[in-house]
Amino acid sequence: MRPALIGALALLLAAPFSARAMTLAEAVEAAMARAPEGRALGAERLSQQAQREAANRLFPGAPYLQLDTSSDRPGTHRGFATYGQELGTPLWLPGEGTATGRRADAGMAEVDARQTELRLAVAGLVREAVGNLDEAKLAIPVLQRRLQAARQLQGIAERRAARGEAAPTDALLAQSETALAEAALAEPRTLAAQARARLEGLTGQPLPEDARAPSLAEERPSPARPLAEHPRLLGAERAVETARAALALVEASRRESPVLALQTRQEQAGAGQGFDSRVGVLVRIPFATEGRNRPRRAAAEADLARAEAQRALAEREITTGLRQARLALDAAVNQRRLADTAFRALDARRGQLERGFAAGEFPLVELLRARLAAHDAELARARAEAARRRALAQLNQIAGQWP
């Protein structure tokens with residue numbers, strides 16, 4: 001008995017987890033963890049950190065050692081011979097190290113902003129998949145009720161036709177309504193399966209049919225936020241700052257790095273004579289030329305102009321998109337209200353005709369028309385609710401809010 005009891009308890013405990021609900025926010029986080037762009041941004045941030053560490057070093061590049069030798073009688077020590085050593089390192093230009101550090105800091109800030117922007121983009125993909133699933137799940141119960149009612153009516157019509165109380169054409173008409181209801185139900189079921197597959201692909205987590213799937217019904221109206229805090233605009237602003245820092249670095253490094261080196265040399269004038277030693281200091285100062293600097297400066301200025309244009313475009317698109325999304329939400333809410341009013345009226349008419357059909361006051365074709373109109377109105381109400389959820393989710397998406 002004990003092993004059986006333990007097994008039963010294990011099944012009871014495992015059942016809730018097999019059909020564990022996933023919230024919309026959890027779906028976004030799971031999809032973000034799988035986004036390949038996130039790994040690329042992580043690598044980019046490591047690159048910027050490495051550049052920041054390089055800016056804190058004493059020298060901008062690696063030191064070097066140079067050796068040379070010459071002799072008028074190679075391979076012997078009977079003539080003139082000289083040996084030279086040079087140990088040197090490049091030096092920072094004035095302000096170059098500071099500009100390099102600021103460029104790296106701006107790059108890291110831009111990567112962080114791009115991470116937030118990527119999270120918003122991933123949220124948009126999840127919202128689209130969940131919206132498709134919502135639309136299908138709202139339509140399925142409506143069409144299931146239509147199919148159930150059609151089957152019940154088919155049974156009534158067939159029994160009446162068998163007793164001679166109704167024409168055989170009524171039974172055929174009821175059969176055709178059942179077939180049409182089955183065909184109508186197949187479409188949202190297929191769409192639901194496709195939406196689940198898309199959501200599983202985004203999140204990397206199985207979503208069994210008995211689990212409560214994410215829904216756009218979880219969306220809530222978000223408070224207005226300053227436009228400057230929008231993830232997309234913040235990313236564009238950080239890109240402008242990075243471009244400005246890059247231009248400042250170009251201005252600070254108008255020449256190649258100067259070189260400071262310590263030189264030593266040993267010379268032998270002839271056979272049997274000792275080596276004379278000398279010590280010297282080498283300073284190499286490259287010149288700044290327009291042939292080198294003009295292309296670099298032009299490229300940096302072009303990057304800055306491009307970043308500023310992208311920022312202006314993002315600001316215009318966000319402002320316009322918010323205005324359009326608010327209008328779309330208002331229209332969707334109104335459409336949902338009208339669809340509900342139409343359904344209540346047609347459903348009341350269907351009830352009246354059903355009672356009249358049962359009393360023999362109306363023919364079957366009139367009842368079928370009333371039922372079809374009521375079911376269409378109920379389906380339109382479900383689709384209007386799905387559209388209202390989508391409109392609210394779209395408004396939150398454009399406003400830069402994630403679940």
Exercise for review: Filter segment 309-345 for residues that are under 30 Å from residue 240 (Cα atoms) and hydrophobic (A, V, I, L, M, F, W, C) and give the result.
Suggested key: 309, 312, 313, 314, 318, 322, 325
Review point. Is segment 194-201 home to any residue that is over 30 Å from residue 34 (Cβ atoms), assigned to a helix (DSSP H, G or I) and touching a residue at least 40 places away in the same chain (Cβ under 8 Å)?
Key: no
Exercise for review: Hey, can you tell me all the residues within segment 179-230 that are more than 22 Å from the chain's Cα centre (by Cα) and polar (S, T, N, Q)?
Suggested key: 190
**Study point:** Matching residues, segment 213-248, being assigned to a helix (DSSP H, G or I) and of a type outside the set (A, V, I, L, M, F, W, C)
**Key:** 218, 229, 231, 232, 235, 237, 238, 241, 242, 244
Practice item. Among the numbered conditions (1) surrounded by fewer than 21 Cβ atoms within 10 Å (Cβ to Cβ); (2) of a type in the set (D, E, K, R); (3) within 24 Å of residue 170 (Cβ to Cβ), tell me where residue 315 comes up short. Key: (3)
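Any residue at all in segment 100-113 that is over 30 Å from residue 57 (Cα atoms) and surrounded by 15 or more Cβ atoms within 10 Å (Cβ to Cβ)?
Initial filter on segment 100-113 (over 30 Å from residue 57 (Cα atoms)): none.
No, there is no match, as no residue in segment 100-113 is over 30 Å from residue 57 (Cα atoms) and surrounded by 15 or more Cβ atoms within 10 Å (Cβ to Cβ).
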Exercise for review: Among the numbered conditions (1) more than 30 Å from residue 232 (Cβ to Cβ); (2) acidic (Asp, Glu); (3) buried (at least 16 other Cβ atoms within 10 Å of the Cβ); (4) touching a residue at least 24 places away in the same chain (Cβ under 8 Å), tell me where residue 182 comes up short.
Suggested key: (3)
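Across segment 52-83, which residue is modelled with the lowest pLDDT among those that are assigned to a strand (DSSP E or B) and under 60 Å from the mean Cα position of the chain (by Cα)? Don't jump to the end; show me each part of the working.
Quick first cut of segment 52-83, residues assigned to a strand (DSSP E or B) only: 64-71, 81-83.
Next, only the ones that are under 60 Å from the mean Cα position of the chain (by Cα) stay: 64-68.
Working: 64: 93, 65: 95, 66: 94, 67: 93, 68: 90.
This residue is 68.
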Study note, to complete from the structure: Across segment 350-396, the tally of residues that are touching a Lys or Arg at 6+ places or on another chain (Cβ under 6 Å) and closer than 16 Å to residue 123 by Cβ stands at 1
Point to revise | Close pairs (7 angstrom Cβ cut-off, 6 or more residues apart or separate chains): under 17 Å from residue 226 (Cβ atoms) and among the aliphatic types (A, V, I, L, M) in segment 313-328, modelled with pLDDT under 95 and not in a helix (DSSP H, G or I) anywhere | key: 318/230; 322/399
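Within segment 273-288, how many residues are in a loop (DSSP other than H, G, I, E, B) and in contact (Cβ under 8 Å) with a residue 12 or more places away in the chain?
First, the residues of segment 273-288 that are in a loop (DSSP other than H, G, I, E, B): 273-274, 285-288.
This time we only want the ones that are in contact (Cβ under 8 Å) with a residue 12 or more places away in the chain, so: 285-288.
Number of matching residues: 4.
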Exercise for review: Tally the residues that are under 22 Å from residue 81 (Cβ atoms) and either of a type in the set (D, E, K, R) or exposed (fewer than 15 other Cβ atoms within 10 Å of the Cβ) (or both), restricting the search to segment 251-263.
Suggested key: 1
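Yes/no matrix, rows are residues, columns are (1) at pLDDT below 95; (2) surrounded by 13 or more Cβ atoms within 10 Å (Cβ to Cβ); (3) over 13 Å from residue 240 (Cβ atoms):
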| site | (1), (2), (3) |
| --- | --- |
| 265 | yes, yes, yes |
| 269 | yes, yes, yes |
| 272 | yes, no, yes |
| 290 | yes, no, yes |
| 307 | no, yes, no |
Review point. Which ones in segment 367-386 are touching a Phe, Trp or Tyr at 6+ places or on another chain (Cβ under 7 Å) and modelled with pLDDT of 90 or more?
Key: 377, 378, 381
Revision key, fill the gap. Considering segment 155-179, residues that are assigned to a helix (DSSP H, G or I) and acidic (Asp, Glu), and then whichever is surrounded by the fewest Cβ atoms within 10 Å (Cβ to Cβ), we arrive at 158
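Of the residues 377, 370, 382, only one is surrounded by 15 or more Cβ atoms within 10 Å (Cβ to Cβ) and either touching a residue at least 40 places away in the same chain (Cβ under 8 Å) or not in a helix (DSSP H, G or I) (or both); which?
Values: 377 fails: either touching a residue at least 40 places away in the same chain (Cβ under 8 Å) or not in a helix (DSSP H, G or I) (or both); 370 fails: either touching a residue at least 40 places away in the same chain (Cβ under 8 Å) or not in a helix (DSSP H, G or I) (or both).
Going through 377, 370, 382 in turn, just one is surrounded by 15 or more Cβ atoms within 10 Å (Cβ to Cβ) and either touching a residue at least 40 places away in the same chain (Cβ under 8 Å) or not in a helix (DSSP H, G or I) (or both): 382.
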Check your understanding: In segment 321-360, how many residues are surrounded by fewer than 17 Cβ atoms within 10 Å (Cβ to Cβ) and hydrophobic (A, V, I, L, M, F, W, C)?
Key -> 8
Check your understanding: Residues 251, 267: which one is in contact (Cβ under 8 Å) with a residue 40 or more places away in the chain and in a helix (DSSP H, G or I)?
Key -> 251
Revision key, fill the gap. Of the residues in segment 62-121, those that are more than 30 Å from residue 266 (Cβ to Cβ) and basic (Lys, Arg) number 4
Review point. Restricting the first residue to segment 49-62 and requiring it to be under 21 Å from residue 261 (Cα atoms), which pairs with a second residue that is part of a loop (DSSP other than H, G, I, E, B) and hydroxyl-bearing (Ser, Thr, Tyr) meet a Cβ separation below 6 Å and a spacing of at least six or different chains?
Key: 60/257
Practice item. Tell me, please, whether a residue that is closer than 30 Å to residue 90 by Cα, surrounded by 15 or more Cβ atoms within 10 Å (Cβ to Cβ), touching a helix residue (DSSP H, G or I) at 6+ places or on another chain (Cβ under 7 Å) and of a type in the set (Lys, Arg) can be found in segment 293-303. Key: yes
**Study point:** Sole residue being surrounded by 20 or more Cβ atoms within 10 Å (Cβ to Cβ), in a helix (DSSP H, G or I), of a type outside the set (Val, Ile, Thr) and modelled with pLDDT of 90 or more, chosen from 119, 127, 189
**Key:** 127
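The values are calculated or read from the model by the stated rules, or taken from the named source; none is laboratory data. From a predicted model like this one, the values you see are computed outputs, not experimental measurements. FYI the Cβ positions are ideal-geometry reconstructions off the backbone, even for glycines, and counts take in every protein chain you see.
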